[in-house]
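A short worksheet on the structure shown next.
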Amino acid sequence: MANPVNPELKKVMAVIESYIEGTYRADTDLLKNIFHKDAKMTGYLGGRLLVGTPEPFFEDLKAHPPMSDNKDPYQVDIRAINLAARIASVVIFESGFFGEGRIETHFHLIKGEDSGDWKIVSKLFTTV
């Protein structure tokens, strides 16, 4: 007998798939919709430490032609997913992001109290 997939896990995966699609297409409206209003974004891009909100990420995407327009080889490998009640974590490896090489990204997501929507509350990343 097949095990049914947890419906909350499907919702978490939908957020991550939206992140991947939004990043590839530079769709900042989509990305802003999946990040919590108080989200944090911290990590290393090359040797530079970035600490703050996702807003600089959105601005960076707008400053370049979308990767989808250039047919850049942006690829994502989902490495880990953990779900515990109303919180989740996901680890992905990205390659082909505007020439930055490989990026390991750790997301933390939370399920909204009222809406039940999953949102990214933190993104921790480093080039590898």
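Only the coordinates and a few stated rules stand behind these numbers; no lab work does. Fair warning: this is a prediction, and the values are worked out from it, not measured in the lab. Here the Cβ positions follow ideal geometry from the backbone for every residue, glycine too, while neighbour counts run over all protein chains shown.
Assorted remarks:
- For the stretch 1-47 versus the stretch 74-100, the gap between their alpha-carbon centres in whole angstrom: 8
- Along the axis of the charge dipole computed for the stretch 7-127 (Cβ charges of +1 for Lys and Arg, -1 for Asp and Glu, origin at the Cα centre), the listed residues Val15, Tyr44, Ala80 are led at the positive end by Ala80.
- Peptides ranked, highest mean first, by Cβ atoms within 10 Å: ranges 33-40, 61-68: 33-40, 61-68
- Its Cα centre serving as origin, the stretch 7-127 has a Cβ charge dipole (Lys and Arg +1, Asp and Glu -1) of approximately 260 debye.
- The packing ranking of peptides 21-29, 5-13, 45-53, 106-114, highest mean first, is 21-29, 106-114, 5-13, 45-53, where packing means the average number of other beta carbon atoms within 10 angstrom of each residue.
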